[in-house]
1. Which residues, taken from segment 446-484, are basic (Lys, Arg) and modelled with pLDDT under 90?
2. Here are some residues: 351, 373. Which one is over 22 Å from residue 469 (Cβ atoms), open to solvent by less than 30 Å² (accessible area, probe 1.4 Å), modelled with pLDDT under 90 and not in a strand (DSSP E or B)?
3. Filter segment 218-242 for residues that are in contact with a helix residue (DSSP H, G or I) (Cβ under 7 Å, 6 or more places away or on another chain) and over 29 Å from residue 193 (Cα atoms); which is modelled with the lowest pLDDT?
4. Name the one entry in 172, 191, 185 that is crowded, with 17+ Cβ neighbours inside 10 Å, small (Gly, Ala, Ser) and in contact (Cβ under 8 Å) with a residue 60 or more places away in the chain.
5. Write out, first by first residue and then by second, each pair whose Cβ atoms fall under 7 Å of each other, whose residues are 6+ apart or on separate chains, and whose first residue, in segment 415-429, is without any contact (Cβ under 8 Å) to a residue 40 or more places away in the chain and of a type outside the set (Lys, Arg) while the second is outside any loop (DSSP other than H, G, I, E, B) and open to solvent by 10 Å² or more (accessible area, probe 1.4 Å).
6. Can residue 432 be described as touching a helix residue (DSSP H, G or I) at 6+ places or on another chain (Cβ under 6 Å), part of a helix (DSSP H, G or I), modelled with pLDDT of 90 or more and more than 28 Å from residue 263 (Cα to Cα)?
7. Which numbered condition trips up residue 425, out of (1) open to solvent by 20 Å² or more (accessible area, probe 1.4 Å); (2) of a type in the set (Ser, Thr, Tyr); (3) under 22 Å from residue 291 (Cβ atoms)?
Amino acid sequence: MPTETPLLEIDTLGKRFPGVVALDGVSLSLRAGEVHGLIGQNGAGKSTLINILSGMLTPDAGAIRLDGAPVAVRNPRHALSLGIATVYQELSLLPNLTVAQNVSLGREPTKGGLLDIRTSRTHAAETLARLGLDFSPDVLVSNLSLAQRQMVEIAKALASHPKILILDEPTASLGQRESQKLFDAIGRLKAEGVAVVYVSHRFAEVLALCDVATVLRNGRHVVSTSLAGWSEARLTDAMIGAQTASYVPSKRTAGDVVLSVRDLTYMQRVHETSFALRRGEILALTGLLGAGQNEIARILGGDLRPESGSIVKDGRPLPWSGPYGATTAGVALLTDERKHEGILPNLTLRENIGIASLADRRATAGIVETTKERELTGKAISDYGIAASSTEVAMRTLSGGNQQKALLARWDLADADVLVLIEPTRGVDVGARADIYRRLDTLARSGKSIVVVSSDLPEVLALADRILVLRNGVIVEETTPSEVDEEALNLMIQGAAAA
């Protein structure tokens, strides 16, 4: 049970960036054995607060007390020495090293002045077991799935035996089974007296896991409260205030077949899979992690080369020629790795949106017309509701939700008529999520065809005209949101998994 005396106290913390007040007098307290939810829209100040606690940023005002004593967290290593470990949403593992090497990175045990590989491996195995993971500590991280890598990040943090564990959107890339393993581990950590800061846009998880929650809005503290008696709707109201975060799906009418996939096969992950995508349709692919939906999406986008099968677009065979060939044919891929495979962090918002259409309407004789580019990207920023002070801000300074909107705007401006989106609202708050849903609906109604790969069942039901459920690389069910609810769809997925 949580203790009465605060383990960590944050007192009127403030942080400013040029033109932005990121934190404005934020206070909260955290107790040992407590799971504390941190709630807020993208840009509310959550990341700034986490970065201060983990030693990545220095506050401009306020104080932090640990066990009642004032502390100034100088850097990430100092944070770890204080017992504060952070697991960020974006992975930081080294793929060419083993799981054991990653888990002990920076804290490698030595014996006689040499690396103690056996002890390192033993410690990693114990930490993996603590999380209920059954893969070897000797496997290379590059051979793990995204969900497994996320769990290794958590194992790496636990290996430092923290007093305070900060988890930033930890289930964003996890399926139900992996998520349950994480929830079980959090329960054990809580029983051991570890304090957990749980940052998530998934309110069902927050209500199930957290004892209390703090809500931030526009860098300010809104409320810190016990979650007893709270609902998802009440959390949403506290987070967004007077804004609207609702999206009400309405029926769309699909046209002719735009994309026809026949007998697609890729390694042992996709097996002779066939389906069609119609004009103006949103088609969802869902299933347990590893069911083949991600591979299908990456094949459509030219990122993976199929072993056999065919893809026909607008009546013409679509030969595999990589991502460039796919985009040239009007098929655009947006993956779930926004940081590594989507944004260009050091370029401006204007450049990020415009880069896919450099040789299009904004260039004359191979030279980009910056004035025209600003005009077109400025309109896209307005259409997509991207919150930015100008078109010239660096992409890395935007919140995750605004970055995701910018990536959608990129392919809209490039006039792609087939959009393939993997987990399109991963790490996006409820307000930005509703904005993205409305925009995808608008794109579909304008005649664009959209494939959405998602493990978020409410999202699938809200967006899709048709739903394809996969098992072991094969489509085993086809249904529509009018035929199933979330429970029935989940049973369909789980039943397919056990079939």
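1. 471 - this is the single residue of segment 446-484 that is basic (Lys, Arg) and modelled with pLDDT under 90.
2. Checking each option against the conditions leaves just 373.
3. Checked segment 218-242; the qualifying residue modelled with the lowest pLDDT is 240.
4. Among 172, 191, 185, only 172 is crowded, with 17+ Cβ neighbours inside 10 Å, small (Gly, Ala, Ser) and in contact (Cβ under 8 Å) with a residue 60 or more places away in the chain.
5. Taking only residues 6 or more apart or on different chains, the pairs are 425/433.
6. no
7. (1)
For every residue, the table says whether it meets (1) over 23 Å from residue 147 (Cα atoms); (2) among the small types (Gly, Ala, Ser).
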position	(1), (2)
47	no, yes
53	yes, no
56	yes, no
72	yes, yes
83	yes, yes
91	no, no
102	no, no
111	yes, no
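The values are calculated or read from the model by the stated rules, or taken from the named source; none is laboratory data. Treat the numbers as computed from the prediction; the structure is a model and nothing was measured. Cβ: placed from backbone, ideal geometry, glycine included. Neighbour counts: every protein chain shown. Accessible surface areas use protein heavy atoms only, side chains included; no ligands, DNA or RNA. Shrake-Rupley method; radii C 1.70, N 1.55, O 1.52, S 1.80 Å.
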